[in-house]
Amino acid sequence: MLTHDGGSSVSAVLLPALGEPPSSLASLASALADVGVEAVVLPRRPRARFADHVADTQRAIAAAGLSRAIVVGASYGGLIGCALVGATTWRGAGLVLLDSPHPLSHAVVRAYVGERAAVDLPNSEGVDLADAMAAAGRCCLPGALGSVPIEVLSRGAGTWPGTDPDLPVADRIWLSHQRLFGQLSTGARVRVLTGVGHDVARDSPHDVVAAVLSVAAGVTN
């Protein structure tokens with residue numbers, strides 16, 4: 001396990017994407033273990049409200065004794081991670097975002113596409129996506145996370161599947177707003193991974209491992 005601050009351990013808490021089981025990040029946890037990072041994937045209870053997911057995750061982290069962990073959030077899991085890190089009670093080591101949707105992307109795409117984007121897409125967890133984006137928007141303001149070490153890994157351009165005619169514009173909006181995550185903290189860095197899709201942990205686990213190690217190094221410096 002990596003160490004910092006005179007030997008206290010650094011672990012990683014992995015938060016899955018919306019609709020994905022904990023097993024979706026099992027291979028990433030294994031890859032992190034291979035480089036000495038103890039990684040725990042936290043399951044998510046079915047909840048409609050974003051705040052409930054955040055509270056559940058806070059309790060799970062405390063119960064597992066992982067208060068100093070690096071939070072790694074895939075997609076929706078990254079929004080939960082932003083809220084965790086922004087809480088006054090947070091004492092963790094840093095944050096890694098894996099192609100998480102920026103709340104402004106959601107708003108701008110809806111404005112551009114109009115009624116077609118206003119249709120609520122079903123999700124297996126029953127999450128109120130409008131509530132989640134509104135709540136996450138309050139967590140994702142420039143400078144909100146101070147100097148916390150943050151690594152932002154964005155999918156590459158043109159990797160979103162489908163043939164919707166509005167997809168190229170939505171793609172550009174998504175990628176431009178990924179860079180806004182770089183304003184969350186003075187310790188944030190954004191990387192766009194060419195040829196890598198939305199499932200960053202599966203498509204490029206070595207980049208995720210490198211990001212976690214970078215955050216851990218930022219803690220020790």
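The values are calculated or read from the model by the stated rules, or taken from the named source; none is laboratory data. Since the structure is predicted, the reported quantities are computational estimates derived from the model, not experimental observations. When we count neighbours, we look across all protein chains shown, and the Cβ atoms used for this are built from the backbone with ideal geometry, even at glycine. Surface accessibility is based on the protein's heavy atoms, side chains included, excluding ligands, DNA and RNA. Shrake-Rupley method; radii C 1.70, N 1.55, O 1.52, S 1.80 Å.
Side notes on the structure shown:
- Any chance W174 is within 23 Å of S23 (Cα to Cα), of a type outside the set (S, T, Y) and open to solvent by 30 Å² or more (accessible area, probe 1.4 Å): no
- Number of the exception - G158 against (1) free of Cβ contacts under 8 Å to residues at least 24 places away in the same chain; (2) part of a helix (DSSP H, G or I): (2)
- In this structure, I80 does satisfy being within 17 Å of Q178 (Cα to Cα), open to solvent by less than 60 Å² (accessible area, probe 1.4 Å) and not small (G, A, S).
- Among residues of segment 53-78 that are free of Cβ contacts under 8 Å to residues at least 24 places away in the same chain, those with a beta-carbon under 6 Å from a residue that is surrounded by 16 or more Cβ atoms within 10 Å (Cβ to Cβ) and outside any helix (DSSP H, G or I) at least six positions away or on a different chain give the pairs A60/L42.
- Matching residues in segment 177-221 - criterion: being among the hydroxyl-bearing types (S, T, Y) and either more than 26 Å from D34 (Cα to Cα) or surrounded by 15 or more Cβ atoms within 10 Å (Cβ to Cβ) (or both): S185, T186, S204, S214
- The numbered conditions (1) assigned to a helix (DSSP H, G or I); (2) under 27 Å from A31 (Cα atoms); (3) in contact (Cβ under 8 Å) with a residue 40 or more places away in the chain are all true for L180 except (2).
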